[in-house]
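Data first, discussion second: the structure below is written as structure tokens.
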Amino acid sequence: MLSRVLEVNVIKKDWRKVDLRFAFVYPNVYRVGMSSFATQLLYFLLNSREDVLCERCFLPYQRRVSPSSLESGRGLREFDVVGFSLQFETDYINVVDMLRRSNVPVHSKDRSEKDPLIIAGGPCAWENPEPIGDFIDFFVIGDAEAVIDKLIDLFLEIRNPRENLEAFADIKGIYVPSLGKRRVKRAQIRNLDDCPHPIAEVVPQVDENSPFAPVFGKSFLLEVVRGCNRGCRFCLIGFQNKPMRARSIEVLKHLIDKGPKFSRVNKVSLIGSTISDHPDFESLCWYIVDNGFEISVPSLRVDGFSESIAEALAKGGQKTVTFAPEAGTYKLRKAVKKPFTEDQILSAIITAKKYGIKHIKLYFVVGLPGEDKKDLQSIIDLIRKIINSGCAPSELHVSFTPFIPKPHTPFQWLAQLPLKELNERLKFLVKNLKKLGLNYVDYLDPKWAKIQAALSLGDRMLGKIIEYVAKHSGSLGAWRRAQKTFNISLTDYSDRAKNFEEELPWSHIDVGVSTNFLFKEYERSLEENGK
């Protein structure tokens, strides 16, 4: 089915005229994978080399279909290297499933020199590679631009790469699980302006309602910043990818002048975890819309949302603006480094409505350390004030995510709330918000939050469960049966607090931050505020 999707800027090379054949695999469906900047970037970086061929592969929509590349229809076994982009922990199941369906031995130890080298990168690889360590030959820990050419050159230099994995371990940022837990330091690029950015991006020529339409629609993905300096205590990106690096406004303007034209689109989607912290964010938004392009932005901070920005977004066709207050009370928001006042939140919503933005999404985290009933009630009170103040947009959408402890953050030692408690808190919120007449309320099922937490915090033992679930459809039922089969409980990972002296599964992954003192600071903050 995917072979019939018309795309622009597809690169098809002659297999006979390259030295290395690389399959870039996004272990989810096409729509999700083509919404990721990582897909565009790696496809561009690898194909920019004359000696390398890179083709894309996504999770087939039909479970019984073997994965194959879009460009030539070849299976994964026909490539020299298969590289997975790990953006979400739950995609680990798809990694194993795609290997199995491709007749590639699932375990690294079972592969021969006839099998492709299986590598993985992305934020989940940096986070904690151990749960899928038995399935991956080596992980890339850090920025792709800092590593990719060294990897390829070494691969082409070594006669039998699989028998010489230790040679790859000598490259900064490469972790080879089969060699044991060696300390690996993140490879990092210092200046985004020095990094190439794809201009002629691959864009599917489909209707916006098509199942193959990217999340942002047909648009040019523009990476504005990478990393974050805010240090929100629960946020993985804010700690594993410090410091924030921003492309200069001059480079961004050049990309805007070229990218939409060569990508044949009329929309620019800004990419970055904290784009409103870019020193020229307002000027950037106006440059886009003043040149006649539509604009799309991710979640914005309420303390950086001005009338000028709202006007530019509205002029650029942005229909929805997302803010993430995270918690109901100022005390808890301040403790997690989201020190927004209630007035700032209301002001941002009023400003958005003033300039014609009719849809607002608000994101909250439920079960944050130190959260009590007052914090939950304050979320309801805040929504009531928005509704009663007359500043409510045409559509107000409130979304909840259970707190998930993440490696490398100050909360990595903490336990997740028990499933029963999470369910009760979410039930209380949803019930009371519905009473206010709010129709758009959703949340991540706490059962899936438990799975995410275990995959984030787990060790190599979880590989057994991942492999079982991959064979049995990936459903919640499969997760329950897997735990019984191997006598391993996910809550042993998600619901257990750790101490500072404990060796954590990811302790050998060095992302360049120390978080012990930050957690103690958080505890002091809660004590000072009476939590």
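Name the aspartates and glutamates eligible as straight-distance cross-link partners of residue 13: C-alpha to C-alpha under 17 Å, and not fewer than 8 places from it in the same chain.
Residue 13 reaches 50, 51, 55, 71, 78, 80, 201.
Once you place label points 7 Å from the Cα toward the Cβ at residue 181 and residue 9, how far apart are they in nm?
4.2 nm
Can you tell me the order of 398-410, 488-500 when each peptide is scored by its average per-residue count of other Cβ atoms within 10 angstrom, highest first?
The densest-packed peptide leads the list: 398-410, 488-500.
Hey, can you find the accessible area per residue of the stretch 197-275 for me, probe 1.4 Å, expressed in square angstrom?
37 Å²
Starting from the Cα gyration tensor of the stretch 91-181, take the square roots of the eigenvalues, sort them a ≥ b ≥ c, and report rounded, prolate or oblate (rounded when a/c is under 1.5, otherwise prolate if a/b is larger than b/c, else oblate).
Since a/c reaches 1.5 but b/c is at least a/b, the shape of the stretch 91-181 is classed as oblate.
Name the trypsin sites (Lys or Arg not before Pro) in the stretch 103-162 that are in a loop by DSSP and that have at most 16 other C-beta atoms within 10 Å, would you?
When the trypsin sites (Lys or Arg not before Pro) of the stretch 103-162 are filtered for loop state and at most 16 Cβ neighbours within 10 Å, 114, 159 remain.
Placing unit charges on C-beta atoms (Lys and Arg positive, Asp and Glu negative, everything else neutral), compute the dipole magnitude of the stretch 384-447 about its Cα centre in debye, rounded to 20.
Here the stretch 384-447 has a charge dipole of around 220 debye.
Unpartnered cysteines of the chain (Cβ-Cβ under 4.7 Å counts as a partner)?
Singleton cysteines: 54, 57, 124, 195, 228, 285, 391.
What nm value, rounded to one decimal, do you get for the distance between residue 488 and residue 110 when each label is placed 7 Å out toward the C-beta?
Taking the simple label geometry, residue 488 and residue 110 are separated by 1.5 nm.
In the stretch 80-216, how many lysine pairs have Cα atoms under 20 Å apart, counting only pairs 8 or more places apart or on different chains?
Eligible lysine pairs with Cα atoms under 20 Å apart amount to 5.
State to the nearest 20 debye the size of the charge dipole of the stretch 76-204 about its Cα centre, where the only charges are +1 on K and R beta carbons and -1 on D and E beta carbons.
That gives the stretch 76-204 a dipole magnitude of about 420 debye.
Quick one: dipole size for the chain, taken about the Cα centre, charges +1 on Lys/Arg Cβ and -1 on Asp/Glu Cβ, in debye to the nearest 20.
1420 debye
Select one label from (i) 27; (ii) 18; (iii) 38: the one whose number is percent of Cα pairs over 42 Å apart as derived from the coordinates shown.
Answer by label: (ii).
Which three extents, in angstrom, do the Cα atoms of the stretch 265-342 have along their principal axes, listed largest first?
43, 24, 21
As a check on your grasp of the helix formula, calculate [θ] at 222 nm for the chain: sum -39500 (n - 2.57) over DSSP H runs of n ≥ 4, divide by the residue count, round to the nearest 500.
Result for the chain: -10000 deg cm²/dmol, rounded to the nearest 500.
Can you list the lysines whose alpha carbon is less than 28 Å from that of residue 267, not counting same-chain residues fewer than 8 positions off?
Straight-line reach from residue 267, under 28 Å: 12, 218, 253, 258, 315, 319, 353, 354, 358, 361.
Can you send over the solvent-accessible area of residue 101, 1.4 Å probe, protein chains only, in Å² to the nearest 10?
Residue 101 has an accessible surface of roughly 30 Å² with all protein chains in place.
Kirkwood hydrodynamic radius for the stretch 307-383: how many Å is it when counted over pairs of different Cα atoms?
13.2 Å
Please report, as a whole percent, how much of the solvent-accessible surface of the chain comes from carbon and sulfur atoms (probe radius 1.4 Å).
On the chain, the fraction of accessible area on carbon and sulfur atoms equals 48 percent.
How would you rank 246-255, 91-100, highest first, on the average number of other Cβ atoms within 10 Å across their residues?
Most protected by this proxy first, the peptides run 91-100, 246-255.
Could you tell me which residue out of 164, 189, 335 lies farthest along the dipole of the chain toward its positive end? Charges go on the beta carbon: Lys and Arg +1, Asp and Glu -1, centred on the Cα centre.
335
Residues of the stretch 155-186 with the amide nitrogen closer than 17 Å to a label point 7 Å from the Cα of residue 507, along Cα-to-Cβ, please.
Residues passing the 17 Å test: 180-185.
The values are calculated or read from the model by the stated rules, or taken from the named source; none is laboratory data. Worth saying up front: this structure is predicted, and the values here are computed from it rather than measured. For neighbour counting, all protein chains shown are included, and Cβ atoms are generated from backbone atoms with ideal geometry for every residue, glycine included. Side chains are part of the model used for accessible areas, which takes the heavy atoms of the whole protein and leaves out ligands, DNA and RNA. Shrake-Rupley method; radii C 1.70, N 1.55, O 1.52, S 1.80 Å.
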